[in-house]
Amino acid sequence: QRCARGVHAAQPNAMSAHAEGFPPAHAGAGSAASGQLEELQGFSRHLLAKLDESRNMGQFSQAEIELLRKKLSVVVNAFSAERAKIEGELNTMAHAYEQDIAERDYAISSAQLELANAKRHIKVLEVQRSALSDDVETARTEYEVLVAQLAEEQDSGDALKKELSSLRRALQQAAHGLSEADAELERTTRQLEEARRDVARAERDAERGASLRAQTTDTQAAATQLARAEAKLEEVMRREAGLEQRLIFEREAKEALEETAARERAA
């Protein structure tokens, strides 16, 4: 009877152990439940061994032992069902965790791939930025060279403008001198014509005077007039030659100035 009371006392203790040692699946205590189930199974085997020993000693009847066996079997089955439930929930949670981990691994892989692509894109952009920097430096250098050339061209243009102004003044002076030379040449030409006419008259007078050498002073006057006319003719011819040379020089200078002005306008 003491052994039976121990068995009945052990059953509530085992149930309380089941109630206290096996929390629900959502608490995540599967390992603790497995340990308590193993302890319960060990306790059941130990209790069955005690019952067999008591039965052999004649302290319990077969019916009492079978009843205790059934009670222990109910307790063990309850623990087994709880364990299966907990393991099922844990397996479900593990599957969910594995799926979540797989999704996170995929997200991490995608992020790593995007990071690698971003790094490659950054390298490409850095190369492009370096190339653009070189192009900018080259363009800046070319711009500075062009600015310097423009300044030189402006200085040269100013100098050419000054030279062109001086050439225009010289051309105007040359044109004025040429006009004066033309006028002087016309006057000289008229004087030359007059001198030639005087010479012709003097020659005619000289011819008449040669046949009349015995005549009066008119012959001497004609000879004197002829000598003066010849001297005047020589002077006029010298002046005409000088004026012609001056006119040629003025025309050459005018042509050179016009060619220079034309080149300046073309430039």
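Somewhere in the stretch 161-178, is a residue buried (at least 17 other Cβ atoms within 10 Å of the Cβ), of a type in the set (Asp, Glu), assigned by TED's automatic domain parsing to the domain that holds residue 254 and at pLDDT 70 or above? Looking through the stretch 161-178, none of the residues is buried (at least 17 other Cβ atoms within 10 Å of the Cβ), of a type in the set (Asp, Glu), assigned by TED's automatic domain parsing to the domain that holds residue 254 and at pLDDT 70 or above. Search the stretch 33-77 for residues being closer than 30 Å to residue 88 by Cβ and small (Gly, Ala, Ser), and hand back the single one that is modelled with the highest pLDDT. So, considering only residues that are closer than 30 Å to residue 88 by Cβ and small (Gly, Ala, Ser), the one modelled with the highest pLDDT is 73. Does residue 107 qualify as being within 40 Å of the chain's Cα centre (by Cα) and surrounded by 10 or more Cβ atoms within 10 Å (Cβ to Cβ)? Considered against the rule, which asks whether it is within 40 Å of the chain's Cα centre (by Cα) and surrounded by 10 or more Cβ atoms within 10 Å (Cβ to Cβ), residue 107 comes out as yes.
Of all residue pairs spaced 6 or more apart or on separate chains, those with beta-carbon atoms under 8 Å, a first member in the stretch 154-166 that is assigned to a helix (DSSP H, G or I) and a second member that is loosely packed, with under 12 Cβ neighbours inside 10 Å are 160/267.
Return yes or no: is residue 19 assigned to a helix (DSSP H, G or I), surrounded by fewer than 14 Cβ atoms within 10 Å (Cβ to Cβ), among the small types (Gly, Ala, Ser) and at pLDDT below 70?
yes
Of the candidates 183, 139, the single residue that is at pLDDT 75 or above and more than 30 Å from residue 232 (Cβ to Cβ) is 139.
The values are calculated or read from the model by the stated rules, or taken from the named source; none is laboratory data. Here the structure is a predicted model, which is why all the values come from computation and not from measurement. Note that we place each Cβ from the backbone using ideal geometry, even for glycine, and neighbour counts take in every protein chain shown.
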